[in-house]
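Structure first, then comments.
The values are calculated or read from the model by the stated rules, or taken from the named source; none is laboratory data. All of these numbers come straight from a predicted model, not from anything done at the bench. Here Cβ is always computed from backbone atoms with ideal geometry, including for glycine, and neighbour counts include all displayed protein chains.
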Amino acid sequence: MRLLLVVEDDYDIRTALASLLSDLGYSVCDAGDGVKALEKVRSLRPDLIVLDYGLPGPKDGEEFLRAKAADRQIGDIPVIVVSGYELPPEIDGTVAVLRKPFDFSLLAALIERVVGPPASPGTNAAA
């Protein structure tokens, strides 16, 4: 089963995204800041990371991406950035950049394109 990590500091957005992705059939874990996210990436090695670029410090989205890229063990894990900020359409170390609010079906299609289809809904186990 494909494991996704949702990194978002807003609890409501984080839990909603995790729930929607879980309902699609993905296994989902989450983190509320960049420090915890790096810990989870290193220990769980998710198949894909959905990253809020506007995380509060000490590890905001840009710092998280730098740290991930510098670590040979996790540097190749794909990242989809979501942000309320106006960002360039491409950011080094990412496969896509979406501006909040975004269409969830677009995010789901991007995830499926990168990691493949989820398992059948209802067969997931959140980490």
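Quick rundown of the values:
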| read-out | value |
| --- | --- |
| Residue count, the stretch 77-101 (criterion: modelled with pLDDT of 95 or more and either over 18 Å from ASP9 (Cβ atoms) or assigned to a loop (DSSP other than H, G, I, E, B) (or both)) | 2 |
| The stretch 21-40, residues that are touching a strand residue (DSSP E or B) at 6+ places or on another chain (Cβ under 7 Å), of a type in the set (A, V, I, L, M) and either surrounded by fewer than 16 Cβ atoms within 10 Å (Cβ to Cβ) or more than 21 Å from PRO117 (Cα to Cα) (or both) | ALA31, ALA37 |
| Tabulated pairs, the stretch 26-46, first among the acidic types (Asp, Glu), second surrounded by fewer than 22 Cβ atoms within 10 Å (Cβ to Cβ), C-beta under 6 angstrom, 6+ apart or interchain | ASP30/ARG14; ASP30/ALA18 |
| Condition met for ALA70 (loosely packed, with under 13 Cβ neighbours inside 10 Å, modelled with pLDDT of 90 or more and of a type in the set (A, V, I, L, M, F, W, C)) | yes |
| Listing of helices (runs of 4 or more DSSP H) fully contained in the stretch 2-70 that carry 2 or more residues being hydroxyl-bearing (Ser, Thr, Tyr) and under 14 Å from the mean Cα position of the chain (by Cα) | 11-24 |
